[in-house]
Amino acid sequence: MKQIHSYWAYIAVLILIVAFINAVMGMAKKRSFTDKDLRISLFTLIVMHIQLLIGLGWYFMSPWFKALKDVGVSAAMKDAQLRLFSIEHPTMMILAIVFITIGWSKHKKKTTDESKFKTIMIFYGIGLFFVLTRMPWKQWLNL
């Protein structure tokens with residue numbers, strides 16, 4: 001499960017970066033919000049939600065969750081690695097997906113192309129920031 005979560009993360013991060021850059025470029029070039037832009041944003045939403053489901057499955061099977069249950073939250077907060085894997089990473093990834101979902105929902109209500117791109121750019125950008133700041137880079141890159 002850990003390997004699936006880690007390998008799917010490559011796809012998730014890549015498509016999130018693509019969606020964010022697409023929104024930035026759409027804003028900068030004042031393009032029309034086309035079906036292609038809609039599909040990129042929707043595919044990102046779907047991939048991120050799949051990653052969330054895989055991640056939640058792995059989290060409750062992981063040694064980090066067991067360690068958190070064994071030592072408690074206050075002790076986990078004193079251990080940087082345990083805190084990252086059992087509290088910070090899951091919390092920030094859930095928040096990232098919440099922001100991406102909000103961005104998707106809000107962009108559908110916008111009437112101008114610029115406001116659609118701007119909404120995707122802001123909310124997917126916040127999600128991307130959260131993902132990049134709490135990614136366990138050492139473990140992820142050393143599969």
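The values are calculated or read from the model by the stated rules, or taken from the named source; none is laboratory data. Quick caveat: nothing in here was measured; it's all calculated off a predicted structure. Positions of Cβ are backbone-derived with ideal geometry, glycine not excepted, and every protein chain shown enters the neighbour counts. All accessible areas refer to the heavy atoms of the entire protein, side chains included, with ligands and DNA or RNA removed. Shrake-Rupley method; radii C 1.70, N 1.55, O 1.52, S 1.80 Å.
Report yes if some residue within region 72-92 is over 12 Å from the mean Cα position of the chain (by Cα) and outside any helix (DSSP H, G or I); otherwise report no.
Here is the first cut: in region 72-92, the ones over 12 Å from the mean Cα position of the chain (by Cα) are 72-88.
Now restrict to residues that are outside any helix (DSSP H, G or I): 72, 79.
Yes, region 72-92 has at least one match.
Being more than 18 Å from residue 136 (Cα to Cα), modelled with pLDDT under 95, open to solvent by 70 Å² or more (accessible area, probe 1.4 Å) and assigned to a helix (DSSP H, G or I): is that true of residue 108 here?
Numbers: more than 18 Å from residue 136 (Cα to Cα): yes; modelled with pLDDT under 95: yes; open to solvent by 70 Å² or more (accessible area, probe 1.4 Å): yes; assigned to a helix (DSSP H, G or I): yes.
So residue 108 fits the description; yes.
Look at residue 134 and say whether it is open to solvent by 50 Å² or more (accessible area, probe 1.4 Å), basic (Lys, Arg) and under 15 Å from the mean Cα position of the chain (by Cα). Break it down into steps so the answer makes sense when it comes.
Details: open to solvent by 50 Å² or more (accessible area, probe 1.4 Å): yes; basic (Lys, Arg): yes; under 15 Å from the mean Cα position of the chain (by Cα): yes.
When the stated conditions are applied, residue 134 passes them.
Tally up the residues in region 1-42 that are assigned to a helix (DSSP H, G or I), of a type in the set (Phe, Trp, Tyr) and touching a helix residue (DSSP H, G or I) at 6+ places or on another chain (Cβ under 6 Å), please.
Going through region 1-42, the residues assigned to a helix (DSSP H, G or I) turn out to be 2-29, 35-42.
When the remaining residues are screened for being of a type in the set (Phe, Trp, Tyr), the result is 7-8, 10, 20.
So of that shortlist, the ones also touching a helix residue (DSSP H, G or I) at 6+ places or on another chain (Cβ under 6 Å) come out as 8, 20.
So the count comes out to 2.
Regarding region 59-82, can at least one residue be identified that is out of contact with any Asp or Glu (no Cβ under 7 Å at 6 or more places or on another chain), open to solvent by 70 Å² or more (accessible area, probe 1.4 Å), in contact (Cβ under 8 Å) with a residue 24 or more places away in the chain and not β-branched (Val, Ile, Thr)?
Scanning region 59-82, I find at least one residue that is out of contact with any Asp or Glu (no Cβ under 7 Å at 6 or more places or on another chain), open to solvent by 70 Å² or more (accessible area, probe 1.4 Å), in contact (Cβ under 8 Å) with a residue 24 or more places away in the chain and not β-branched (Val, Ile, Thr), so the answer is yes.
Of the conditions (1) of a type outside the set (Val, Ile, Thr); (2) more than 19 Å from residue 105 (Cα to Cα); (3) free of Cβ contacts under 8 Å to residues at least 24 places away in the same chain, residue 5 clears all except one; give me its number.
For residue 5, the failing item is (3).
Being more than 16 Å from the chain's Cα centre (by Cα) and surrounded by fewer than 17 Cβ atoms within 10 Å (Cβ to Cβ) is the filter here; which residues of region 37-46 pass it?
Within region 37-46, the first condition is being more than 16 Å from the chain's Cα centre (by Cα), and the residues that meet it are 37-39.
Passing the criteria: 38, 39.
Can you tell me which residue is surrounded by the most Cβ atoms within 10 Å (Cβ to Cβ) among those in region 111-131 that are without any contact (Cβ under 8 Å) to a residue 40 or more places away in the chain, more than 16 Å from residue 43 (Cβ to Cβ) and under 13 Å from the mean Cα position of the chain (by Cα)?
Here is the first cut: in region 111-131, the residues without any contact (Cβ under 8 Å) to a residue 40 or more places away in the chain are 111-112, 115, 119, 122-123, 126, 129-130.
After this cut, where a residue has to be more than 16 Å from residue 43 (Cβ to Cβ) as well, the list is 111-112, 115, 119, 122, 126, 129-130.
If we keep only those that are under 13 Å from the mean Cα position of the chain (by Cα) too, we end up with 126, 129-130.
Details: 126: 18, 129: 14, 130: 20.
Restricting to residues being without any contact (Cβ under 8 Å) to a residue 40 or more places away in the chain, more than 16 Å from residue 43 (Cβ to Cβ) and under 13 Å from the mean Cα position of the chain (by Cα), the top hit is 130.
Residue by residue, here is whether (1) open to solvent by 30 Å² or more (accessible area, probe 1.4 Å); (2) modelled with pLDDT of 95 or more holds:
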{"residue": "35", "(1), (2)": "yes, yes"}
{"residue": "48", "(1), (2)": "no, yes"}
{"residue": "55", "(1), (2)": "no, no"}
{"residue": "84", "(1), (2)": "yes, no"}
{"residue": "96", "(1), (2)": "no, yes"}
{"residue": "99", "(1), (2)": "yes, yes"}
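Answer with yes or no whether residue 25 is more than 20 Å from the chain's Cα centre (by Cα) and either within 19 Å of residue 122 (Cβ to Cβ) or at pLDDT below 95 (or both). Reasoning before the result, please.
Numbers: more than 20 Å from the chain's Cα centre (by Cα): yes; either within 19 Å of residue 122 (Cβ to Cβ) or at pLDDT below 95 (or both): yes.
So residue 25 passes the test.
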